[in-house]
Structure formats: C-alpha cells, structure tokens
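A.B. asks: Here it is: the structure, laid out below.
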Amino acid sequence: MTIPFPVHEASDRPGRPPHIADSADIDGLARIGDGTQVWHLAQVREHARVGAGCILGRGSYIGPGVVLGDNCKVQNYALIYEPAVLEDGVFVGPAAVFTNDVFPRAITVDGKRKDADDWDAVGVTVRTGASIGARAVCIAPVTIGAWALVAAGAVVTQDVPDHALMVGVPARRIGWVGRAGVPLESVGDDLFRCPSTGDEYREHNGVLMAILPQAVGAGRLRSASPPRADG
C-alpha cells in the first residue's frame, strides 16, 4: 500500500517500508520508521514520531507529539498520552497506560468543558531497554530508568532508577534486573550477578553500576546504562 506520510529513514533498515494495517489510523503529520509494524485499530496522532523496527499492537494509542525510539514494542490496547518519550528498545505491555494530567477534570471551575488550552500536559519518560508490564499505570510526570522492569498491574508514582524491579500500588523497588530482564542474584557485599548472562553489578547508594569484565579484580566500575542524549 502507499504510505501517505513521511517515513523515517534508519541506517539499518534502508528502503524497508513500514507495514500499516488497513484499519490503523495514522495521521498525515505522523512519522513512522522503516520496518515498523502498525496493527489493526492502532491510532498514531499528529506529530507523533515512531522509530524504525517498532511494533504497535492492536488498538494501541500514540498521542500527539509522542516520541518512540527504534525497536520499541507497544502491546495491544496500551495508551501512551502526550508528551511521553520512549527511548530505544522500550516494551509496553497490554493495556498499560501513561497518563498526562496531574489534576484531571473534564470541566473548568465555572462549569465549561475543558479544552487543550485549559491544562498543561506532563509526560512519562522511559529510558532505553525498560519494560512496563501489562495494565501497569505510569502517573506523569515520572521517568522510568534504563533497563528497569515495572511489574504487571503496578502503579508508578515516582521516578524509577535504572535496572530497578518495581511492583505494587504504589510501585516500590524489590530488587534489580539485568539487561536480559532477569532478576539479579545477590552474591554478597553489594554485588549482584545476572543468572542469564553472568554480568556483574555493584550497588552503591541506590545506584547500580556494572563491573567491567576485564577489570573485576581491580574493582573498576562503569555506568550500568549507556550515556543519554540529554545528559
């Protein structure tokens, strides 16, 4: 089919057009990346930017101006309201919700219906590789750290550290996860190991740092997550 909107060119997917289901609703001012799949009844609003290699599941909603990086996966009926920003490789489970109004009201104090000029939207930011479980709710404004894992049904009301494993209402950290998404095992003295990859980390003052494999004996550390474009 002909794609009636600009296509983001990704160096690793040159010339590979997105696949758009006939029943999907894509605004003409949205940008959809190479190789991205948009499935039935999904809606992508004006000025939204969806990166290359993403999957938008059935009935998912991407609000105006929302930004998704490359290789994100938004499952069926997830609702991502503006001005949310998702970095590369973010997973959003079925029916998860990202809010954007701190004090929601349908009407003003004088009884008139609110419109876009009557409130200031605030967004959820999700860093690289993080996962949001099914039916989880992220209450803006919050930032979900890189490679963090928010459990199904959790309600996130505060910023989440990188690699944190978050559960409950309100969500609280009960452990750490590695890049493979597997909970890390404590090996003593604030050291943690991924049972899937063998990667090791050290916790210091609530921050998880990866230990350089070639310098474990020297105790050299590096950030557990890649540098961010916004610093």
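The values are calculated or read from the model by the stated rules, or taken from the named source; none is laboratory data. Every value quoted in this text rests on a predicted model; they were computed, and no experiment measured them. Neighbour counts are summed over all protein chains in view; Cβ atoms, including those assigned to glycine, are modelled from backbone coordinates with ideal geometry. In case anyone asks, the SASA skips ligands and DNA or RNA and just uses the protein heavy atoms, side chains included. Shrake-Rupley method; radii C 1.70, N 1.55, O 1.52, S 1.80 Å.
A.B. asks: Of the listed values (i) 29, 26, 16; (ii) 29, 18, 16; (iii) 33, 23, 14, identify the label whose number matches semi-axes √(5λ) of the Cα gyration tensor in Å calculated from this model.
C.D. replies: (iii)
A.B. asks: Something else now. Identify which of Asp159, Asp189, Asp88 has the largest mean-square fluctuation in a Gaussian network model of the chain, with springs joining Cα atoms closer than 10 Å.
C.D. replies: Asp189
A.B. asks: Hey, what do the phi angles of segment 78-95 turn into as Karplus ³J(HN,Hα) couplings, whole Hz, using 6.51/-1.76/1.60 and θ = phi - 60°, x for Gly and Pro?
C.D. replies: These are the phi-based 3J(HN,Hα) values: 6, 10, 10, 8, 5, x, 5, 10, 10, 7, 4, x, 8, 10, 10, x, x, 6 Hz.
A.B. asks: Mind listing the long-range amide H neighbours of Lys73? Cut-off is under 5 Å, sequence gap 5 or more, other chains count too, H placed in the peptide plane at 1.01 Å from N.
C.D. replies: Distant-sequence amide H within range of Lys73: Ile55, Val90, Phe91, Val92.
A.B. asks: Please report, in debye to the nearest 20, how large the charge dipole of segment 36-176 is about its Cα centre when each Lys and Arg carries +1 at its beta carbon and each Asp and Glu carries -1 there.
C.D. replies: Result for segment 36-176 is approximately 480 debye, rounded to the nearest 20.
A.B. asks: Could you give me the ³J(HN,Hα) list for segment 169-184, computed from phi with Karplus coefficients 6.51, -1.76, 1.60 and θ = phi - 60°, whole Hz, x at Gly and Pro?
C.D. replies: 10, x, 5, 9, 7, 10, x, 10, 10, x, 5, 6, x, 8, x, 7
A.B. asks: Roughly how many Å² is the accessible area per residue of the chain, as a whole number, for a 1.4 Å probe?
C.D. replies: 51 Å²
A.B. asks: Also, I was wondering about something else. With unit charges on the beta carbons (Lys and Arg positive, Asp and Glu negative) and the dipole taken about the Cα centre of the chain, which residue among Leu29, Ile55, Gly188 sits farthest to the positive side?
C.D. replies: In the chain, that residue is Gly188.
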